[in-house]
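Asks: The structure follows.
The values are calculated or read from the model by the stated rules, or taken from the named source; none is laboratory data. Predicted, not measured: the structure shown is a model, and the values here were computed from it. Because the Cβ atoms are built from the backbone with ideal geometry, glycine has one as well, and the counts that use them run over all protein chains shown. The area values use the complete protein model at the heavy-atom level, side chains included, leaving out ligands, DNA and RNA. Shrake-Rupley method; radii C 1.70, N 1.55, O 1.52, S 1.80 Å.
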Amino acid sequence: MRIELVKRPQQSALFSILSPFLALALTLAAGAVMFFLLGKNPVTALYYFFVDPLLEVWSLHELAVKAAPLILIAVGLSVCFLSKNWNIGAEGQFIIGAVAGSILPVVFPGLQSWIVLPLMLLMGIAGGAAYAAIPAVLKARFNTNEILTSLMLVYVAQLFLDWLVRGPWRNPEGFNFPETRNFHAYAVLPEILPASGRAHWGFVFAMVAALVLWFVLSRTLKGFEVKVIGQSPRAGRFAGFSSGRMVIFAFLVSGALAGLAGISEVSGAIGQLRPSISPGYGFTAIIVAFLGRLNPLGIIAAGLVLALSYLGGEAAQISIGVSDKVARAFQGMLLFFVLACDTLIHYRIRLVRTARMDAKGAQAGHA
Amino acid sequence: MLESVLITIATAATPLLIAAVGELVVERSGVLNLGVEGMMIMGAITGFAVAIVTGSAWIGVLGAILVGAAFALLFGFLTLSLVTNQVATGLALTLFGLGLSGMIGEGFVGRPGVKLGQVDIPFLSDLPHVGRLLFGQDPLFYVSLLLTAGVAYFLFSTRAGLTLRAVGDNHDSAHAQGINVVAVRYLAVMFGGACAGLAGAYLSLVYTPQWVENMTAGRGWIALALVVFASWRPWRVLAGAYLFGGVTIGQLHAQALGVAIPSQLLSALPYLATIAVLVIISRNRRLTMMNTPASLGRPFVPER
Amino acid sequence: MRKTFVLLTAATLGLAAAGTALAQDEPTKACFIYVGPIGDFGWTYQHHQGLLEVEEALGDAVETAYLESVPEGADAERAIERFARSGCDIIFTTSFGYMDATNKVAGRFPDVKFEHATGYKREHPNVSTYNSRFYEGRYIQGVIAAKMSEAGVAGYIASFPIPEVVMGINAFVLGAQSINPDFKVKVVWANTWFDPGKEADAAKALIDQGVDIITQHTDSTAPMQVAAERGVKAFGQASDMIEFGPETQLTAIVDDWGPYYVERVKAVREGTWEQVDIWAGLAEGHVVMAPYTNMPDDVKALAQKVEESIRSGEFHPFTGPINKQDGTPWLAEGEVADDATLLGMDFYVEGVDDQLPN
């Protein structure tokens, strides 16, 4: 028995819609089996994972808080990935954006004015973009592999932040603990509806960014250029597009959005810099980008689903004692199923009965 | 003292080398598997658990290799049979592996492990200065060297190696020549998984014989970096792994000698060094192009 | 254990020994937020042992829940709030990085009690802070190290240069130099709380540089294993690591949170909970020395004597005369360091052979 894929002449509209639901059904089934094997009631477990976090207003706010950075980063990454620029260092750009944006409230706390917050956001954007420019320039200029350089720069950014908050930027009133001073009132990103929860304007930024990029990618020449270069650099060259400039463009966009996510998170949700400001948002956003099929609107949905699985994981941990490792393994499964089901959009799957492999292929494979 | 420093560096380099050589074969076949960390941590818990249950570290090593390969098979099924995106699938594999290993490992926390014994060749290992370094290390150290040599020989001196590289360079023309591209890639991916599993077992059976969650601590990612750092050449992977090990250990020695540099800067050195070397290597465009598998990361679906 | 906790109750709350529990039908719900996995066999593992001790001591009268590997940052506030909303009566947040999140949530839930480990902010009456005087154990380790080391040099694997760690290094050095004024300590900053591989590498580097005693302020058992392999002695950290070095471990500083947790949960149950700022050590049983092993009887006797003198309050490890590293005087003859200075310690004492990273 062998699986064979037959490419569909065009994307299947039916499966474009059906695939996420199919994936969800498969995940639920596999999850139920897993929870059953662990001795938990599958229905209760799945309820806590996917329903419980949606039932209360404060929890919806938390969903927005958690989803905002994921969506912001992921829509930026979609531009990179569509143009086949493998930026996997968004985590580093997030951190540097947060650091650059924090210069005013940390180094010049005396500057108290309404102008501080807009400046912070701009500096965060600039910081993230500048940090993303490093792998971009190295790739455009020296053809250096961007996957590796952007990843290495993540570790460097983490250590740099660590050094800052333990050294020069340490809170002078903080008993030498590793954190900066708390941001003053003018430097805090306001909450959207302070009465009901702590979702801040970062979520609005994420929505706006997603809509704008959706428009750019699907309705403008620039979007066309991104996709053409991604699908075939040669065709792009014939059309007069420069893939070198596209590298820079894609990295700057995604770095800027990651930087904005960073400063929004620090200013809106944390209120100061500390040694760790991100639980891996930059990496999780890569998954979100692909879950959303690199489409900014799909990314909004994917970001919300992934954020939900984090909240649900906590709810399940508290309520029925499912450990956080189970939650992580469960997330992994969810991703596998979503990725696998998306295959149906582009391909028809046929099961072929065969007894033997291609003789030459089998021989070639003694790796 | 120099000898024992070198042995320490070898211990730090060996797991990186094993995992990276495996991934090198995978990438040479045109597949990018970012799930090395996930397969490695599965190898670490399997090796540890099997060794404790059976009392034999060697059976643990075997189990780790099998589980690493099985995990790679899952990756292969998704990316090769269902042509899912390799980057996303690899990341999902890492997430899944970190979670699952933690689940399996819950009962093994805080238990001293079984340590894989050291090779001790009589007389030779007593030689002054180099005896222990060359003849008295753990068996997997020798395995890692043999593996490197074997992969180098296989890739560049055998017909099958040529086939594998052909698949990685241009899967369409390889397919046209009648090569079963998907089968070759399956085997390469599983070999990479087996190596990652072995590297994980090295951590939990030799390096620090114990089980703790997330004990791979990013070494899978370093292995991925080494492959590119080495521009897909096995012996350069070896050089890179030892260089990386050397910088890691060297910064600890520098500290113990009282060199006053911010420790964060010292910790960042290996990463900055990797970037610098990447830039230097890739400036020579012709050389890089020659070694880079041209089909790396591109999905393949046989045309009917 | 029971006796300790009764004493502690009396000491901290100024109440008579608890005993007249009000009959309550509803179990008290005690909730814990951990920064690492409970399987780290270090910091979080010990806190979780405390949770288990609470369950054992209070049985049906208590219900527990925990969240592990909660990142410090925006997630912490959500996790704490979730606990507060899910009916927890008392919430222990067991890492320094949860400080602001704990206080924020505490402001919104005045009826829930919050206990934050190792922090200093108590912005609301329902927030307590607690910590342990680990430096007391480190002083004893220094004494033992100076007695046991032939090389006269110990290796110190440190995590991050925060006051807690700097204080530990100073105490270790003071202890060692009380025996051998020429004793040296080599410090390596691993820049991690928990990475077995890196900690093992650091231990190897230190041993290669000639130290014959290893002590650590990181959480894994890897340095102990390396020391065992290389035939030098070592001290355990956070938990008793004797299984990882039966012929290697001299003693270990064990974080025993159990008595405190039991006492505080009981206080909530009995309605006697009050805000406190606890910094307890050997005397209260929060810091416990693992059995003194692998050393001659005279060293063991000396260690026990020092331990007893600290426990009884007769001796404080930071008693003058002590100079700072650059030779400027810090404590005069007989002067004892005050807690505030210790908790914000950002300088080495004279005799430390290392430069403090800033």
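Asks: Of everything in region C:42-68, what is touching a Pro at 6+ places or on another chain (Cβ under 9 Å), surrounded by fewer than 22 Cβ atoms within 10 Å (Cβ to Cβ) and closer than 25 Å to residue A:312 by Cβ? Give them in sequence order.
Replies: The one that is touching a Pro at 6+ places or on another chain (Cβ under 9 Å), surrounded by fewer than 22 Cβ atoms within 10 Å (Cβ to Cβ) and closer than 25 Å to residue A:312 by Cβ: C:63.
For (1) closer than 30 Å to residue B:295 by Cα; (2) open to solvent by 30 Å² or more (accessible area, probe 1.4 Å); (3) in contact with a Phe, Trp or Tyr (Cβ under 8 Å, 6 or more places away or on another chain), each residue gets a yes or a no:
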{"position": "A:138", "(1), (2), (3)": "yes, no, no"}
{"position": "A:141", "(1), (2), (3)": "yes, yes, no"}
{"position": "A:145", "(1), (2), (3)": "yes, yes, no"}
{"position": "A:153", "(1), (2), (3)": "yes, no, yes"}
{"position": "A:171", "(1), (2), (3)": "no, no, yes"}
{"position": "A:201", "(1), (2), (3)": "no, yes, no"}
{"position": "A:204", "(1), (2), (3)": "no, yes, no"}
{"position": "A:225", "(1), (2), (3)": "yes, no, yes"}
{"position": "A:240", "(1), (2), (3)": "yes, yes, no"}
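Asks: Quick check on region B:41-82: of everything there that is farther than 18 Å from residue B:190 by Cα and aromatic (Phe, Trp, Tyr), which residue is most open to solvent (accessible area, probe 1.4 Å)?
Replies: B:58
Asks: What do you reckon, is residue C:204 of a type in the set (Lys, Arg) and surrounded by 24 or more Cβ atoms within 10 Å (Cβ to Cβ)?
Replies: yes
Asks: Can you name the residue in region B:215-231 that is more than 30 Å from residue C:42 (Cα to Cα) and assigned to a loop (DSSP other than H, G, I, E, B) and, of all such residues, is farthest from the other protein chains (Cβ to nearest Cβ)?
Replies: So, considering only residues that are more than 30 Å from residue C:42 (Cα to Cα) and assigned to a loop (DSSP other than H, G, I, E, B), the one farthest from the other protein chains (Cβ to nearest Cβ) is B:230.
Asks: In region C:82-116, which residue that is of a type in the set (Asp, Glu) and open to solvent by 10 Å² or more (accessible area, probe 1.4 Å) is farthest from residue A:314 (Cα to Cα)?
Replies: Restricting to residues being of a type in the set (Asp, Glu) and open to solvent by 10 Å² or more (accessible area, probe 1.4 Å), the top hit is C:111.
Asks: Of everything in region A:262-294, what is on the phi > 0 side of the Ramachandran plot and among the basic types (Lys, Arg)? Give them in sequence order.
Replies: Correct list: A:293 only.
Asks: Kindly evaluate residue B:237 against the criterion of being β-branched (Val, Ile, Thr) and either outside any helix (DSSP H, G or I) or over 12 Å from the mean Cα position of the chain (by Cα) (or both). It would help to see each step written out before you state the result.
Replies: Working: β-branched (Val, Ile, Thr): yes; either outside any helix (DSSP H, G or I) or over 12 Å from the mean Cα position of the chain (by Cα) (or both): no.
When the stated conditions are applied, residue B:237 does not pass them.
Asks: Turning to a different aspect of this structure: I'm checking my understanding of the structure. Among residues of region C:203-236 that are free of Cβ contacts under 8 Å to residues at least 24 places away in the same chain and of a type outside the set (Gly, Ala, Ser), which one is farthest from the other protein chains (Cβ to nearest Cβ)?
Replies: Looking at the filtered set, the residue picked out is C:229.
Asks: Open to solvent by less than 40 Å² (accessible area, probe 1.4 Å), polar (S, T, N, Q), outside any helix (DSSP H, G or I) and touching a helix residue (DSSP H, G or I) at 6+ places or on another chain (Cβ under 9 Å) - does that describe any residue in region B:29-37?
Replies: The answer is yes, given that some residue of region B:29-37 is open to solvent by less than 40 Å² (accessible area, probe 1.4 Å), polar (S, T, N, Q), outside any helix (DSSP H, G or I) and touching a helix residue (DSSP H, G or I) at 6+ places or on another chain (Cβ under 9 Å).
Asks: Mind checking which residues of region C:171-188 are part of a helix (DSSP H, G or I) and either without any contact (Cβ under 8 Å) to a residue 40 or more places away in the chain or closer than 18 Å to residue C:40 by Cα (or both)?
Replies: C:176, C:178, C:179
Asks: Hey, among A:269, A:261, A:285, which residue is touching an Asp or Glu at 6+ places or on another chain (Cβ under 8 Å), open to solvent by less than 40 Å² (accessible area, probe 1.4 Å), among the aliphatic types (A, V, I, L, M) and within 14 Å of another protein chain (Cβ to nearest Cβ)?
Replies: Being touching an Asp or Glu at 6+ places or on another chain (Cβ under 8 Å), open to solvent by less than 40 Å² (accessible area, probe 1.4 Å), among the aliphatic types (A, V, I, L, M) and within 14 Å of another protein chain (Cβ to nearest Cβ) holds for just one of A:269, A:261, A:285, which is A:269.
Asks: Same structure again: Which of the residues spanning region C:272-287 are open to solvent by 10 Å² or more (accessible area, probe 1.4 Å) and closer than 15 Å to residue C:128 by Cα?
Replies: Of everything in region C:272-287, those that are open to solvent by 10 Å² or more (accessible area, probe 1.4 Å) and closer than 15 Å to residue C:128 by Cα turn out to be C:272, C:273, C:274, C:275, C:276, C:277, C:278, C:279.
Asks: Could you list, in sequence order, all residues of region B:40-72 that are part of a helix (DSSP H, G or I), among the hydroxyl-bearing types (Ser, Thr, Tyr) and more than 17 Å from residue B:100 (Cβ to Cβ)?
Replies: Once the filter is applied, which keeps residues that are part of a helix (DSSP H, G or I), among the hydroxyl-bearing types (Ser, Thr, Tyr) and more than 17 Å from residue B:100 (Cβ to Cβ), region B:40-72 yields only B:54.
Asks: Where in region A:15-104 are there helices (runs of 4 or more DSSP H), lying fully within it, with 1 or more residues that are open to solvent by 30 Å² or more (accessible area, probe 1.4 Å)?
Replies: Details: elements: A:42-50, A:57-82, A:90-101.
By residue number, A:42-50, A:57-82.
Asks: Scan region B:245-262 and tell me whether some residue there is in contact with a Phe, Trp or Tyr (Cβ under 6 Å, 6 or more places away or on another chain) and within 21 Å of residue B:93 (Cα to Cα).
Replies: No, region B:245-262 contains no residue that is in contact with a Phe, Trp or Tyr (Cβ under 6 Å, 6 or more places away or on another chain) and within 21 Å of residue B:93 (Cα to Cα).
Asks: Okay, moving on. Report, by residue number, each residue of region A:156-214 that is away from chain B (no Cβ under 14 Å), assigned to a helix (DSSP H, G or I), within 26 Å of the chain's Cα centre (by Cα) and more than 23 Å from residue A:299 (Cβ to Cβ).
Replies: Passing the criteria: only A:187.
Asks: Another question about this same structure. Could you look through region B:124-183, keep only residues that are aromatic (Phe, Trp, Tyr) and within 30 Å of residue B:60 (Cα to Cα), and pick out the one that is surrounded by the most Cβ atoms within 10 Å (Cβ to Cβ)?
Replies: Going through the qualifying residues, I end up with B:141.
Asks: Which one is nearest to residue A:41 (Cα to Cα) among residues in region A:301-345 that are of a type in the set (Val, Ile, Thr) and more than 7 Å from chain B (Cβ to nearest Cβ)?
Replies: A:320
Asks: Also, I was wondering about something else. In region C:62-77, what residues are at the interface with chain A (Cβ under 7 Å from one of its Cβ atoms) and either assigned to a strand (DSSP E or B) or in contact with a His (Cβ under 9 Å, 6 or more places away or on another chain) (or both)?
Replies: Listed by number, the residues that qualify are C:65, C:67, C:68.
Asks: Another question, if that's okay. Restricting the search to region B:214-250, which residues are farther than 14 Å from residue B:11 by Cα, open to solvent by 10 Å² or more (accessible area, probe 1.4 Å) and at pLDDT below 85?
Replies: The answer is B:214, B:217, B:218, B:228, B:229.
Asks: So the check is Cβ under 6 Å with 6+ separation or different chains; which pairs have a first residue in region C:41-60 that's assigned by TED's automatic domain parsing to the domain that holds residue C:27 and assigned to a helix (DSSP H, G or I) and a second one that's surrounded by 21 or more Cβ atoms within 10 Å (Cβ to Cβ) and acidic (Asp, Glu)?
Replies: C:43/C:219; C:46/C:255
Asks: Please specify each residue of region C:189-202 satisfying the condition of being of a type outside the set (S, T, N, Q) and either assigned to a helix (DSSP H, G or I) or facing chain B (nearest Cβ under 7 Å) (or both). Before the answer, list the steps.
Replies: Taking region C:189-202 first, the residues of a type outside the set (S, T, N, Q) are C:189-190, C:193-202.
Across region C:189-202, the qualifying residues are C:189, C:195, C:196, C:197, C:198, C:199, C:200, C:201, C:202.
Asks: Another question, if that's okay. What do you reckon, is residue C:186 open to solvent by 30 Å² or more (accessible area, probe 1.4 Å), within 14 Å of chain B (Cβ to nearest Cβ) and more than 20 Å from residue C:46 (Cα to Cα)?
Replies: Yes: the conditions hold for residue C:186.
Asks: Answer yes or no as to whether residue B:212 is under 24 Å from residue B:34 (Cβ atoms), more than 11 Å from chain C (Cβ to nearest Cβ) and touching a Phe, Trp or Tyr at 6+ places or on another chain (Cβ under 7 Å).
Replies: When the stated conditions are applied, residue B:212 does not pass them.
Asks: Can you tell me which residue among C:175, C:152 is over 15 Å from the mean Cα position of the chain (by Cα) and crowded, with 22+ Cβ neighbours inside 10 Å?
Replies: C:175
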